[in-house]
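Below: the structure, in structure tokens.
The values are calculated or read from the model by the stated rules, or taken from the named source; none is laboratory data. Because the structure is a prediction, the values reported are computed rather than measured. Glycine gets a Cβ as well: all are built from the backbone with ideal geometry, and neighbour counts include every protein chain shown.
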Amino acid sequence: MDEAQRGYETVLAKVPDHPDALHLLGVLHHQRGDSTRGADLISRAITVSPGVAAFHCNLADALRVLNRFEDAERAARRAIELRPDYAEAAHNLGTILLRVRRPAEALAAFDAALARTPDGAATLAARGDALRELGRVRDAITAYRKAIANDPSAAGAHANLGLVLVYLGEFEAGLEHCRTAVALRPNDPVCRANLGLLLLEYGKIDDAMAAIVAALELDRGSAPLADAAGRAWTELGDYRQAQAWFDRALRLDPGADEVRCHLASMHIEAGDPEGAATILEGVLTQAADRADAHAILAHARLDQGDMDGAVASHHATIRLRPESPNPHAALGYTLSTAGQLDAAVAEFRTALDLDPRSVPALAGLATTLRGKTPDDDASQLESLLGAPWMTDNRRATVRFALAQVYDGRGEYDRAAAHMVAANAAQKVHREARGQGHDPATLREHTERLIATYTPEYFARIRGFGDASTRPVFVVGMPRSGTTLTEQIIASHPRAFGAGERRFVNLGFGLLPAAMQRNATPFECLTDLTPEAVRRVAEWHLARLNELNADRDRVVDKMPENFQQLGWIATLFPNAKIVHCTRDVRDVALSCWITQFGSIRWANDLEHLAERINMYLRVMAHYARTLPLPVFEVTYEQMVADQEGTTRRLLDFVGLEWDEACQNFHRTERLVRTASVSQVRQPIYTRSVARWKRYETMLAPLLNRLETPCGI
């Protein structure tokens, strides 16, 4: 290239406006990475000879690299006007259109190029990219494979084919193609980044980070690479670092909606589904056909307790990605947690038709059907445990599902073995990402609650808050019957079931702003003002009105709101609080067999015992100090006397008897619960004293419980 450059410059020294020398020197600078200089020289050539199609074609490519997409598209189209059969110009136009997220038009351009040069590997690979963006994943795979057949050294086709195969569950083949891409083009940052992203799927975080770092060393100004780094840090649980990399990616490419989608995923992982939903709604306002945005929004809405919204987002994803198993499996999970069992099974089966090894689909099916899971599906789950692409998290998912199957079949020893292994794998997965449980922090928080919400505190804030009687808070340990209790109340025509909502904690977090103080919410409680409490209470009631504006009672059944009863009593002194209790040994077993998304204390029996002990301490404290009545619904009493317990419950929350509450399992509403059977069939007795079947396994927990049964 040095010699060529000297030759072109020699010509231009003698003939400064020589169009071919200007053009070729511009192409050379573009090839060497100085696209600004390249575009300037090619533009000078066009000024001299405006009718040469090749000049416009190469200018388009240089302008694309400079992110001057409108000018680039104009140049490519001019090249095609001058030479309608110009395959390279059609290819360049397609890459520009793909870059500005117009995949359908890009596909048409690539097809026009292939009509002239049907074996063009680069165009076939780019066509695969367009098909992938359009959700035609199988067609994309065909295009990538044809590109590789025509040119086995097509590194880009290998790299993107690898990611698509992983997306469809073909992990081994995907890894092979990504490694081939790096071997073919070791200095290509995109190939290295794709390998890094695939290694993340394998759970090899250190190797993934090394690949992404190597890619960044090759191209520090790449927005996709900064995005890949953000995704890696998200996987590691370092959200501060992840945010910094996503911010960098958006500075480099402000229009990169895929970065915003990954940023939204980070917010969900960090426990902020509201922030994620805000980001995604902004993305979808501008690009309503982004399947990834709909898929992540479904997750955010599920975490917010918005089941109807989650289902709608799942359906939008499936419409845009009909060939992918993941959206069907995700919809199946949401429908299953909402008690729509037949519909959930159908979605899981559709996912398995697309990918027979889909872990989410197989696990969701087994968790839904439990002991009725067909032998073939259980055997497929067992076989996956030895797959090389199984991560700790996937392995935990498979083992939790198998525990449900064998427990449902009465094979308790096999179920216990899978429970122990599942929780061990889940604990390793969480701790590797900095998401482990710290019992000392829990104890400190418990002590702070007890020290804060004292009789003196409640005397001081008497008269604060809103007098509304609409809010009903159902609290207790997870798996204590909170879903069952909410469903009974929500079956009443004058009540609305809001599901698990984070409004209490979110409102508590608003307290410093309401008081215009730079302090923590707990610190604000020391000099709380009626005005600040009123503002937060109004915000909370407005959220309830957004969900339902006409029912007399709105039920929030976030179990862990038991910790916030002092704050609830501050906001709503006339609120109805229902405390669900159950033999904590059965609570513990039910938590131990369940794969929770965000609960961190349930994967270690000693941690689980500590959590139960702290819960009992908090509730004993509130029993002595809380200035408003709490109605206790004991699971065992509900099982023994459903009608009598239901009548007392309705009377407490201020509702007259209604037969629909006795037949709560017939109420058609989407609710989120880890125990779908509780809301879709009449009350049964088989979950009472269930812990006795696993007494040996639970020994580490039973020995640490401060109260034998906690009721």
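Structure values in brief
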{"item": "Residue match in the range 170-187 (condition: crowded, with 19+ Cβ neighbours inside 10 Å, within 24 Å of P273 (Cα to Cα) and in the same structural domain as I141 (by TED's automatic domain parsing))", "result": "no"}
{"item": "Some residue of the range 417-427 being in a loop (DSSP other than H, G, I, E, B) and of a type outside the set (A, V, I, L, M, F, W, C)", "result": "no"}
{"item": "Any hit, the range 473-482, residues being surrounded by fewer than 20 Cβ atoms within 10 Å (Cβ to Cβ) and in a helix (DSSP H, G or I)", "result": "no"}
{"item": "Among (1) assigned to a helix (DSSP H, G or I); (2) without any contact (Cβ under 8 Å) to a residue 40 or more places away in the chain - the single one R220 does not satisfy", "result": "(1)"}
{"item": "Residue count, the range 496-538 (criterion: free of Cβ contacts under 8 Å to residues at least 40 places away in the same chain and either more than 20 Å from A300 (Cβ to Cβ) or outside any helix (DSSP H, G or I) (or both))", "result": "21"}
{"item": "In the range 621-647, residue farthest from D658 (Cα to Cα) [restricted to those that are hydroxyl-bearing (S, T, Y) and out of contact with any strand residue (DSSP E or B) (no Cβ under 6 Å at 6 or more places or on another chain)]", "result": "T625"}
{"item": "Residue satisfying all of: in the range 160-195; at pLDDT 90 or above and among the polar types (S, T, N, Q); nearest to the chain's Cα centre (by Cα) among these", "result": "N160"}
{"item": "Helices (runs of 4 or more DSSP H) fully within the range 1-86 counting 1 or more residues that are touching a strand residue (DSSP E or B) at 6+ places or on another chain (Cβ under 9 Å) and among the charged types (D, E, K, R)", "result": "none"}
{"item": "Within the range 688-711, tally of residues that are outside any helix (DSSP H, G or I) and either out of contact with any Leu (no Cβ under 9 Å at 6 or more places or on another chain) or at pLDDT 85 or above (or both)", "result": "11"}
{"item": "Residues located in the range 454-490, provided they are over 15 Å from T646 (Cβ atoms) and of a type in the set (D, E)", "result": "E456, D466"}
{"item": "Residue within the range 185-206 that is part of a helix (DSSP H, G or I), under 17 Å from P152 (Cβ atoms) and in contact with a Leu (Cβ under 7 Å, 6 or more places away or on another chain) present", "result": "no"}
{"item": "Residues of the range 208-229 satisfying the condition of being within 24 Å of W389 (Cβ to Cβ) and more than 21 Å from the chain's Cα centre (by Cα)", "result": "A210, A211, I212, V213, A214, A215"}
